[in-house]
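S.K.: One structure coming up, written as C-alpha cells, with questions to follow.
Where a number appears in this text, it was derived from the coordinates with a stated rule and is not lab data. For clarity, every value in this text was computed on a predicted model and none was experimentally measured. Cβ placement follows ideal geometry from the backbone for every residue including glycine, while neighbour counts extend to all protein chains displayed.
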Amino acid sequence: MKKTWIVLAVIAVVILIIYSSFKGTYNTMVSKDESVNAAWAQVENVYQRRADLIPNLVNTVKGYASHERETLESVIEARSKATSVNVNPENLNEQSLQQFQQAQSGLSSALSRLMVVVERYPDLKANQNFLDLQAQLEGTENRIAVERRKFNESARSFNTYIRSFPKNMYANMFGFEKKAYFEAEQGAEKAPEVSFE
C-alpha cells in the first residue's frame, strides 16, 4: 500500500512539472507574440502619421508649384498605395512584410522627388507652414526608424524563444511561427551619388 502512494505521488509530481512547463512556455510565447503585435501596431501608427501629413504638405507645395502636377500626383498615388497595404500582425510573414515595405518605399521615393522639386522654389522653402510640415515629416521619418528597430528587436526575441529547444516543440504544437523582420531596402548599401553641376 505504501508503494502505491509513493508511485502515485511521483506520477502527480511528474504531471505537475509537465503542466507547469507547458503552461509557462505557452504563456511566455503568448506574451512575446503580443509584444511583437504591439510593436507592429506602433510601426503602423508612425507610418499612418506620415500618411496623414502628406496631404497638407502636397497642398502647401501645390500653392507654390502648381505646374509640378506630375510630381504632386505621384506623391498622392504613392500615399494611396502605401495606405492600402495592410498587414495583419497574426500573419506577419516575409511576403506580407515585403509588400508593406515596397509600398512604403514607393511613398518615400515620391516624397524625395517632391523635396527635390521644392528646392526650385525659394519662396516655398521660406514658407513657415511648409517648414513646420517638413520638420514634422522629418521627425516622423526618425520615429519610423525607431519603431522599426523596436519591432525587429521584439521579433528577434520572439523568434529566438520559439526556436530554442525544447520550446521549438511547444511552438510547433501550439502553432507559433517565426516573425519576419524589416530589412534594409535593396540598394541601401550603396552611397548616393552627389554631383554639383
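S.K.: State all residues of segment 111-156 that are closer than 14 Å to Val46 by Cβ and aliphatic (A, V, I, L, M); if no residue qualifies, say none.
M.R.: Passing the criteria: Leu137, Ile144, Ala145, Val146.
S.K.: Please identify the pairs in which a residue from segment 24-38 that is over 18 Å from Val87 (Cβ atoms) has its Cβ atom under 8 Å from the Cβ atom of a residue that is assigned to a helix (DSSP H, G or I) and small (Gly, Ala, Ser), counting only partners at least 6 apart or on another chain.
M.R.: What qualifies is Met29/Ala171; Lys32/Ser154; Lys32/Ser157.
S.K.: Another question, if that's okay. It is to be established whether one or more residues within segment 143-150 are more than 21 Å from Ala78 (Cα to Cα) and over 20 Å from the mean Cα position of the chain (by Cα).
M.R.: No, there is no match, as no residue in segment 143-150 is more than 21 Å from Ala78 (Cα to Cα) and over 20 Å from the mean Cα position of the chain (by Cα).
S.K.: Suppose we filter segment 109-137 for residues that are among the hydroxyl-bearing types (Ser, Thr, Tyr), assigned to a helix (DSSP H, G or I) and touching a residue at least 12 places away in the same chain (Cβ under 8 Å); how many remain? Before the answer, list the steps.
M.R.: Restricting attention to segment 109-137, the residues satisfying the condition of being among the hydroxyl-bearing types (Ser, Thr, Tyr) are 109, 112, 121.
Checking which are assigned to a helix (DSSP H, G or I) leaves us with 109, 112.
Those left that are additionally touching a residue at least 12 places away in the same chain (Cβ under 8 Å): 109.
Qualifying residue count for the region: 1.
S.K.: Now a separate question. From the list Ala51, Ala38, Ala82, exactly one residue is under 18 Å from Phe151 (Cα atoms), under 16 Å from the mean Cα position of the chain (by Cα) and either outside any helix (DSSP H, G or I) or of a type outside the set (Lys, Arg) (or both). Which is it?
M.R.: Selected residue: Ala38, the only one of Ala51, Ala38, Ala82 that is under 18 Å from Phe151 (Cα atoms), under 16 Å from the mean Cα position of the chain (by Cα) and either outside any helix (DSSP H, G or I) or of a type outside the set (Lys, Arg) (or both).
S.K.: Yes or no: Val87 outside any helix (DSSP H, G or I) and on the phi < 0 side of the Ramachandran plot?
M.R.: It is true that Val87 is outside any helix (DSSP H, G or I) and on the phi < 0 side of the Ramachandran plot.
S.K.: Right, another one. Would you confirm whether or not segment 141-154 contains a residue that is assigned to a helix (DSSP H, G or I), over 30 Å from Val30 (Cβ atoms) and out of contact with any Ser or Thr (no Cβ under 6 Å at 6 or more places or on another chain)?
M.R.: yes
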